[in-house]
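Below: the structure, in structure tokens.
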């Protein structure tokens, strides 16, 4: 289906429905797209070392719940660290079903996997900026590996308490696109574990913090994350391992061109009744800003006399 905007309907009088949508609510699936085919690359740091971080997604089932494994594989010099999160989205919203870290950074080997039951509610299905959610005492199981402390596959039970806050982050320019709708999501977890294994007593505290900029239709654009484990136990065990990561988007297959010039016609691609499309000026009458689902692209207005939406 093609929709043609008449010449009289210049961009000056077109209404961008996107802004009205923002005032109502954000949709978790729009800002945290779970797509097993997603591949993105980031530059950043891991524990202070310059790193390239490869972000991939793939299907994974945890505790009988089908979800998507979101993996950040960081390569810093000869070191490699992997930070995994397995998520699912249902009618109630986005949930974290498992978090895992492993690797060897700066000569330290480490590994930890925590599984909350049920999954932790990260974002409701719809939310507004300023939203705050919290949980307390959610049961979690953990498995820890800290070879330096003689610990390998140590199972511990515990609880998780934490919170999520959401703020509007405004417009961000990335990879030649204008990411019009972005939010800042801050997540904080504190997990406490304790157990007795073969006559030895162990306790662990895990703190997970993240501050991430998420863009509509694209997901993670930039952010920081930290994952720390403090393990104590019989025999003088007292070890702390910390993994910190910063990242900034450099490539992704989630961005694609949807607006182009064809002679004197501006053609915009979209899906009827599914996509939200806006058209206006990008700072001056010399440049159009075409927005689809929160992602904008700029084109010169020169020679354009009409616009067509191919939907």
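I'd like the residue in region 86-119 that is under 19 Å from residue 30 (Cα atoms) and touching a residue at least 60 places away in the same chain (Cβ under 8 Å) and, out of all such residues, is surrounded by the most Cβ atoms within 10 Å (Cβ to Cβ).
Per the stated criteria, the residue is 94.
For region 42-56, check the following and say yes or no: at least one residue is in a loop (DSSP other than H, G, I, E, B), under 30 Å from residue 126 (Cα atoms) and at pLDDT below 95.
No: zero hits.
Can we say residue 304 is in a loop (DSSP other than H, G, I, E, B) and at pLDDT 85 or above?
Yes, satisfied.
Filter region 66-82 down to residues that are buried (at least 17 other Cβ atoms within 10 Å of the Cβ) and over 15 Å from the mean Cα position of the chain (by Cα) and give me whichever is nearest to residue 116 (Cα to Cα).
This residue is 81.
Only one of 152, 128 is surrounded by fewer than 21 Cβ atoms within 10 Å (Cβ to Cβ), touching a residue at least 24 places away in the same chain (Cβ under 8 Å) and either farther than 21 Å from residue 244 by Cβ or touching a helix residue (DSSP H, G or I) at 6+ places or on another chain (Cβ under 6 Å) (or both); which?
The conditions single out 128.
Under 26 Å from the mean Cα position of the chain (by Cα), outside any loop (DSSP other than H, G, I, E, B) and surrounded by 17 or more Cβ atoms within 10 Å (Cβ to Cβ) - does that describe any residue in region 230-241?
Within region 230-241, one or more residues are under 26 Å from the mean Cα position of the chain (by Cα), outside any loop (DSSP other than H, G, I, E, B) and surrounded by 17 or more Cβ atoms within 10 Å (Cβ to Cβ).
When you check residue 223 against the structure, is it buried (at least 20 other Cβ atoms within 10 Å of the Cβ), within 30 Å of residue 168 (Cβ to Cβ) and at pLDDT 85 or above, yes or no?
yes
I'm trying to understand the selection: among the residues of region 181-228, which are over 18 Å from residue 248 (Cα atoms) and out of contact with any strand residue (DSSP E or B) (no Cβ under 7 Å at 6 or more places or on another chain)?
196, 198, 199 - these are the residues of region 181-228 that are over 18 Å from residue 248 (Cα atoms) and out of contact with any strand residue (DSSP E or B) (no Cβ under 7 Å at 6 or more places or on another chain).
Taking residue 253 and the conditions (1) free of Cβ contacts under 8 Å to residues at least 60 places away in the same chain; (2) in contact with a strand residue (DSSP E or B) (Cβ under 7 Å, 6 or more places away or on another chain); (3) over 21 Å from residue 45 (Cβ atoms); (4) surrounded by fewer than 16 Cβ atoms within 10 Å (Cβ to Cβ), which numbered condition does it fall short on, given that it satisfies the others?
Evaluating residue 253 over (1) free of Cβ contacts under 8 Å to residues at least 60 places away in the same chain; (2) in contact with a strand residue (DSSP E or B) (Cβ under 7 Å, 6 or more places away or on another chain); (3) over 21 Å from residue 45 (Cβ atoms); (4) surrounded by fewer than 16 Cβ atoms within 10 Å (Cβ to Cβ) leaves (1) as the failure.
So, in region 271-284, of the ones that are touching a residue at least 60 places away in the same chain (Cβ under 8 Å) and farther than 17 Å from residue 256 by Cβ, which residue ends up surrounded by the fewest Cβ atoms within 10 Å (Cβ to Cβ)?
The residue in question is 272.
The values are calculated or read from the model by the stated rules, or taken from the named source; none is laboratory data. From a predicted model like this one, the values you see are computed outputs, not experimental measurements. Note that we place each Cβ from the backbone using ideal geometry, even for glycine, and neighbour counts take in every protein chain shown.
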